[in-house]
Amino acid sequence: MPTVEFATVLAGAIRFKEGNINETFRGQVLRADGSTVSAVLKDLETKELANELISFVLARTLALPVPDSLLAQVSAADLPTSKGPVTRDGRRLMLASVDVKVPNIAFRYTSDVTGQARLMGAITAWPPLGRLYGFDAWIANVDRHPGNLLFSAGAEAWLIDHGWAFTGPNWSSAGLDPPAAYRHRLREWLTPILTDDGRESRSRQAGAMEADLRMIDVDAAIVASRSDLLLSADDIQTLKTFLRARIGQVTRLARLALDAPVLM
(Lines give C-alpha, C1' and ligand atoms only; values in the text may rest on other atoms or scores of the structure.)
Protein backbone atom coordinates (compact mmCIF):
# COMPACT_ATOMS: atom_id res chain seq x y z
CA MET A 1 0.00 0.00 0.00
CA PRO A 2 1.45 3.40 -0.96
CA THR A 3 1.93 6.17 1.57
CA VAL A 4 1.33 9.80 0.66
CA GLU A 5 4.63 11.68 0.77
CA PHE A 6 5.16 15.10 2.27
CA ALA A 7 6.64 17.71 -0.05
CA THR A 8 7.40 21.41 -0.27
CA VAL A 9 6.20 23.75 -3.00
CA LEU A 10 9.05 25.76 -4.48
CA ALA A 11 8.79 29.38 -5.59
CA GLY A 12 7.73 30.11 -9.16
CA ALA A 13 4.45 28.17 -9.55
CA ILE A 14 2.14 29.61 -12.20
CA ARG A 15 -1.66 29.72 -12.01
CA PHE A 16 -3.59 28.17 -14.91
CA LYS A 17 -7.23 27.78 -15.89
CA GLU A 18 -8.36 24.78 -17.94
CA GLY A 19 -11.90 24.28 -16.73
CA ASN A 20 -10.73 23.77 -13.15
CA ILE A 21 -12.90 25.17 -10.36
CA ASN A 22 -10.30 25.47 -7.62
CA GLU A 23 -7.20 27.63 -7.68
CA THR A 24 -4.74 25.49 -9.63
CA PHE A 25 -1.07 25.99 -10.42
CA ARG A 26 1.79 24.27 -12.18
CA GLY A 27 5.11 24.30 -10.41
CA GLN A 28 7.99 22.41 -8.90
CA VAL A 29 7.87 20.58 -5.59
CA LEU A 30 10.70 19.27 -3.46
CA ARG A 31 10.16 15.66 -2.45
CA ALA A 32 11.30 14.13 0.82
CA ASP A 33 14.20 12.37 -0.92
CA GLY A 34 15.58 15.70 -2.14
CA SER A 35 14.45 15.35 -5.75
CA THR A 36 12.22 17.86 -7.51
CA VAL A 37 9.28 17.10 -9.75
CA SER A 38 6.77 19.04 -11.83
CA ALA A 39 3.29 18.95 -10.31
CA VAL A 40 -0.21 20.28 -10.62
CA LEU A 41 -0.93 22.13 -7.38
CA LYS A 42 -4.42 22.61 -5.94
CA ASP A 43 -5.56 24.84 -3.11
CA LEU A 44 -8.36 22.78 -1.53
CA GLU A 45 -10.55 22.84 1.53
CA THR A 46 -9.66 20.17 4.08
CA LYS A 47 -12.29 17.55 3.19
CA GLU A 48 -11.67 17.88 -0.53
CA LEU A 49 -7.94 17.49 0.09
CA ALA A 50 -8.58 14.38 2.18
CA ASN A 51 -10.85 12.98 -0.55
CA GLU A 52 -8.02 13.33 -3.07
CA LEU A 53 -5.45 11.65 -0.86
CA ILE A 54 -7.65 8.74 0.25
CA SER A 55 -8.74 8.08 -3.33
CA PHE A 56 -5.11 8.07 -4.47
CA VAL A 57 -4.15 5.43 -1.92
CA LEU A 58 -7.18 3.25 -2.69
CA ALA A 59 -6.76 3.51 -6.47
CA ARG A 60 -3.03 2.76 -6.35
CA THR A 61 -3.70 -0.22 -4.04
CA LEU A 62 -6.12 -1.55 -6.66
CA ALA A 63 -3.48 -1.07 -9.39
CA LEU A 64 -5.51 1.64 -11.10
CA PRO A 65 -3.37 4.30 -12.79
CA VAL A 66 -3.23 7.50 -10.74
CA PRO A 67 -0.41 10.07 -10.67
CA ASP A 68 1.56 10.32 -7.44
CA SER A 69 -0.28 12.54 -4.97
CA LEU A 70 1.80 14.46 -2.44
CA LEU A 71 0.75 16.49 0.59
CA ALA A 72 2.69 19.67 0.01
CA GLN A 73 3.34 22.57 2.34
CA VAL A 74 3.71 26.06 0.94
CA SER A 75 4.61 29.46 2.36
CA ALA A 76 2.59 32.56 1.51
CA ALA A 77 5.73 34.15 0.09
CA ASP A 78 6.06 31.37 -2.49
CA LEU A 79 2.41 30.91 -3.45
CA PRO A 80 -0.81 32.63 -2.32
CA THR A 81 -3.26 30.05 -0.96
CA SER A 82 -6.32 30.41 1.24
CA LYS A 83 -8.15 27.11 1.66
CA GLY A 84 -5.88 24.35 2.93
CA PRO A 85 -5.15 23.53 6.57
CA VAL A 86 -2.47 25.67 8.23
CA THR A 87 0.58 24.05 9.82
CA ARG A 88 2.03 25.14 13.14
CA ASP A 89 4.66 27.24 11.40
CA GLY A 90 2.05 29.11 9.37
CA ARG A 91 2.35 27.33 6.04
CA ARG A 92 -0.62 25.84 4.25
CA LEU A 93 -1.10 22.32 2.95
CA MET A 94 -2.17 21.67 -0.62
CA LEU A 95 -2.42 18.82 -3.08
CA ALA A 96 0.53 18.24 -5.40
CA SER A 97 -0.26 15.78 -8.19
CA VAL A 98 2.75 14.80 -10.26
CA ASP A 99 2.27 16.13 -13.78
CA VAL A 100 2.12 13.14 -16.14
CA LYS A 101 1.75 15.47 -19.17
CA VAL A 102 -1.09 13.50 -20.75
CA PRO A 103 -4.15 15.39 -22.11
CA ASN A 104 -7.62 14.76 -20.80
CA ILE A 105 -10.36 13.26 -22.92
CA ALA A 106 -12.33 16.50 -23.17
CA PHE A 107 -9.32 18.32 -24.65
CA ARG A 108 -8.51 15.57 -27.13
CA TYR A 109 -12.12 15.22 -28.23
CA THR A 110 -12.56 18.91 -28.99
CA SER A 111 -9.10 19.51 -30.47
CA ASP A 112 -9.10 16.56 -32.91
CA VAL A 113 -12.52 16.25 -34.52
CA THR A 114 -11.35 13.71 -37.09
CA GLY A 115 -10.01 11.45 -34.34
CA GLN A 116 -13.09 11.45 -32.10
CA ALA A 117 -14.34 8.00 -33.10
CA ARG A 118 -10.86 6.52 -32.72
CA LEU A 119 -10.47 8.10 -29.28
CA MET A 120 -13.80 6.83 -27.97
CA GLY A 121 -13.10 3.40 -29.40
CA ALA A 122 -9.80 3.28 -27.53
CA ILE A 123 -11.50 4.29 -24.29
CA THR A 124 -14.22 1.65 -24.58
CA ALA A 125 -11.51 -0.95 -25.24
CA TRP A 126 -9.32 0.15 -22.32
CA PRO A 127 -8.71 -3.06 -20.33
CA PRO A 128 -9.40 -1.76 -16.75
CA LEU A 129 -12.57 0.14 -17.73
CA GLY A 130 -14.87 -2.13 -15.73
CA ARG A 131 -12.69 -1.65 -12.66
CA LEU A 132 -12.99 2.10 -13.10
CA TYR A 133 -16.78 1.77 -13.04
CA GLY A 134 -16.49 -0.31 -9.89
CA PHE A 135 -14.01 2.02 -8.23
CA ASP A 136 -16.11 5.13 -8.81
CA ALA A 137 -19.17 3.30 -7.51
CA TRP A 138 -17.28 2.23 -4.37
CA ILE A 139 -15.93 5.65 -3.44
CA ALA A 140 -19.10 7.47 -4.56
CA ASN A 141 -17.15 9.62 -7.00
CA VAL A 142 -19.76 11.86 -8.58
CA ASP A 143 -17.45 13.77 -10.93
CA ARG A 144 -15.75 11.45 -13.46
CA HIS A 145 -16.42 13.75 -16.40
CA PRO A 146 -14.21 13.62 -19.55
CA GLY A 147 -11.82 16.18 -18.06
CA ASN A 148 -11.01 13.87 -15.15
CA LEU A 149 -9.66 11.00 -17.23
CA LEU A 150 -6.38 11.52 -19.04
CA PHE A 151 -5.88 9.45 -22.18
CA SER A 152 -2.88 9.55 -24.50
CA ALA A 153 -2.69 8.63 -28.17
CA GLY A 154 -1.04 5.41 -27.09
CA ALA A 155 -3.92 4.49 -24.76
CA GLU A 156 -1.98 5.47 -21.64
CA ALA A 157 -4.64 6.44 -19.09
CA TRP A 158 -4.58 8.27 -15.76
CA LEU A 159 -7.37 8.91 -13.26
CA ILE A 160 -7.27 12.40 -11.76
CA ASP A 161 -9.33 14.80 -9.64
CA HIS A 162 -10.98 12.87 -6.83
CA GLY A 163 -12.02 15.81 -4.70
CA TRP A 164 -15.65 14.89 -5.35
CA ALA A 165 -15.34 11.38 -4.01
CA PHE A 166 -17.66 10.45 -1.14
CA THR A 167 -20.42 12.52 -2.85
CA GLY A 168 -18.39 15.74 -2.81
CA PRO A 169 -16.18 18.03 -0.75
CA ASN A 170 -18.93 18.87 1.74
CA TRP A 171 -19.96 15.33 2.64
CA SER A 172 -21.38 14.57 6.05
CA SER A 173 -22.09 11.42 8.00
CA ALA A 174 -25.82 11.78 7.37
CA GLY A 175 -25.25 12.00 3.62
CA LEU A 176 -23.16 8.86 3.18
CA ASP A 177 -25.51 5.91 2.72
CA PRO A 178 -23.68 2.71 1.63
CA PRO A 179 -26.48 1.31 -0.60
CA ALA A 180 -27.26 4.63 -2.26
CA ALA A 181 -26.86 4.98 -6.03
CA TYR A 182 -25.19 8.37 -6.21
CA ARG A 183 -24.50 10.10 -9.50
CA HIS A 184 -22.05 8.10 -11.63
CA ARG A 185 -20.80 10.41 -14.36
CA LEU A 186 -19.48 7.62 -16.61
CA ARG A 187 -23.09 6.58 -17.10
CA GLU A 188 -23.81 9.94 -18.72
CA TRP A 189 -21.06 10.15 -21.35
CA LEU A 190 -19.42 6.73 -21.70
CA THR A 191 -22.04 4.06 -21.05
CA PRO A 192 -24.20 5.14 -24.05
CA ILE A 193 -21.46 4.27 -26.53
CA LEU A 194 -20.76 0.81 -25.11
CA THR A 195 -22.30 -2.19 -26.82
CA ASP A 196 -24.59 -4.52 -24.89
CA ASP A 197 -21.81 -7.10 -24.73
CA GLY A 198 -19.37 -4.41 -23.63
CA ARG A 199 -21.66 -3.34 -20.80
CA GLU A 200 -22.08 -6.89 -19.62
CA SER A 201 -18.36 -7.71 -19.70
CA ARG A 202 -17.48 -4.48 -17.88
CA SER A 203 -20.19 -5.24 -15.31
CA ARG A 204 -18.63 -8.62 -14.60
CA GLN A 205 -15.21 -7.00 -14.33
CA ALA A 206 -16.53 -4.45 -11.82
CA GLY A 207 -18.25 -7.16 -9.81
CA ALA A 208 -15.07 -9.19 -9.59
CA MET A 209 -13.50 -6.25 -7.77
CA GLU A 210 -15.45 -6.97 -4.62
CA ALA A 211 -13.00 -9.70 -3.66
CA ASP A 212 -10.10 -7.25 -4.09
CA LEU A 213 -11.87 -4.57 -2.07
CA ARG A 214 -12.36 -6.93 0.86
CA MET A 215 -8.59 -7.44 0.97
CA ILE A 216 -7.90 -3.74 1.51
CA ASP A 217 -7.11 -2.66 5.07
CA VAL A 218 -9.24 0.48 5.20
CA ASP A 219 -7.73 1.60 8.52
CA ALA A 220 -4.23 1.39 7.06
CA ALA A 221 -5.35 3.19 3.89
CA ILE A 222 -6.62 6.16 5.89
CA VAL A 223 -3.32 6.40 7.76
CA ALA A 224 -1.31 5.98 4.56
CA SER A 225 -3.27 8.85 2.98
CA ARG A 226 -2.36 11.17 5.90
CA SER A 227 -6.04 11.96 6.23
CA ASP A 228 -5.93 11.09 9.90
CA LEU A 229 -3.96 14.36 10.23
CA LEU A 230 -6.66 16.33 8.41
CA LEU A 231 -10.04 14.99 9.49
CA SER A 232 -11.80 14.64 12.81
CA ALA A 233 -12.03 11.24 14.46
CA ASP A 234 -15.78 11.18 13.73
CA ASP A 235 -15.23 11.90 10.03
CA ILE A 236 -12.57 9.22 9.79
CA GLN A 237 -14.89 6.66 11.37
CA THR A 238 -17.67 7.71 8.97
CA LEU A 239 -15.45 7.05 5.95
CA LYS A 240 -14.24 3.71 7.29
CA THR A 241 -17.79 2.53 7.94
CA PHE A 242 -18.99 3.75 4.53
CA LEU A 243 -16.18 2.10 2.56
CA ARG A 244 -16.54 -1.25 4.32
CA ALA A 245 -20.33 -1.37 4.06
CA ARG A 246 -20.35 -0.29 0.41
CA ILE A 247 -18.16 -3.14 -0.86
CA GLY A 248 -21.14 -5.48 -1.14
CA GLN A 249 -22.99 -2.88 -3.21
CA VAL A 250 -20.33 -2.42 -5.91
CA THR A 251 -21.67 -5.05 -8.32
CA ARG A 252 -25.20 -3.64 -8.22
CA LEU A 253 -24.09 -0.01 -8.44
CA ALA A 254 -21.68 -0.64 -11.30
CA ARG A 255 -24.37 -2.50 -13.24
CA LEU A 256 -26.70 0.46 -12.73
CA ALA A 257 -24.02 2.81 -14.05
CA LEU A 258 -23.53 0.53 -17.06
CA ASP A 259 -27.27 0.25 -17.71
CA ALA A 260 -26.92 -3.50 -17.41
CA PRO A 261 -29.64 -5.69 -15.90
CA VAL A 262 -29.26 -5.82 -12.14
CA LEU A 263 -29.24 -9.47 -11.14
CA MET A 264 -31.02 -10.62 -7.99
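The values are calculated or read from the model by the stated rules, or taken from the named source; none is laboratory data. None of the values given here were measured: they were computed from a predicted structure. FYI the Cβ positions are ideal-geometry reconstructions off the backbone, even for glycines, and counts take in every protein chain you see.
When only residues in the stretch 204-240 that are of a type in the set (S, T, N, Q) and free of Cβ contacts under 8 Å to residues at least 40 places away in the same chain count, which is farthest from Ala137 (Cα to Cα)?
Once the filter is applied, the top-ranked residue is Ser232.
Right, Ala180: over 18 Å from Arg60 (Cα atoms), aliphatic (A, V, I, L, M), at pLDDT 95 or above and surrounded by fewer than 14 Cβ atoms within 10 Å (Cβ to Cβ) or not? It would help to see each step written out before you state the result.
On the way: over 18 Å from Arg60 (Cα atoms): yes; aliphatic (A, V, I, L, M): yes; at pLDDT 95 or above: yes; surrounded by fewer than 14 Cβ atoms within 10 Å (Cβ to Cβ): yes.
In short, yes.
Could you check the stretch 117-170 and list, in sequence order, the residues that are in a strand (DSSP E or B), out of contact with any strand residue (DSSP E or B) (no Cβ under 6 Å at 6 or more places or on another chain) and without any contact (Cβ under 8 Å) to a residue 60 or more places away in the chain?
Going through the stretch 117-170, the residues in a strand (DSSP E or B) turn out to be 149-151, 157-159.
Then drop every residue that is not out of contact with any strand residue (DSSP E or B) (no Cβ under 6 Å at 6 or more places or on another chain), which leaves 149, 159.
Correct list: Leu149 only.
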Task: Test result for Leu49, over 16 Å from Asp161 (Cβ atoms), buried (at least 17 other Cβ atoms within 10 Å of the Cβ) and either modelled with pLDDT of 95 or more or outside the structural domain of Arg88 (by TED's automatic domain parsing) (or both) - done: no
Task: Pair list, Cβ under 9 Å, 6 or more apart: the stretch 186-203 residue assigned to a helix (DSSP H, G or I), other residue of a type in the set (Phe, Trp, Tyr) - done: Leu186/Tyr133; Arg187/Tyr133; Thr191/Tyr133; Arg202/Tyr133; Ser203/Tyr133
- [ ] Determine, yes or no, whether Arg252 is within 23 Å of Val4 (Cα to Cα), modelled with pLDDT of 95 or more and more than 17 Å from the chain's Cα centre (by Cα).
- [x] no
Task: Selected residue (only one of Phe107, Phe25, Phe16 is surrounded by fewer than 18 Cβ atoms within 10 Å (Cβ to Cβ) and touching a Lys or Arg at 6+ places or on another chain (Cβ under 9 Å)) - done: Phe16
Open item on the list: If I filter the stretch 11-24 for residues that are under 30 Å from Ala122 (Cβ atoms) and modelled with pLDDT of 95 or more, do I get at least one hit?
Closed with: no
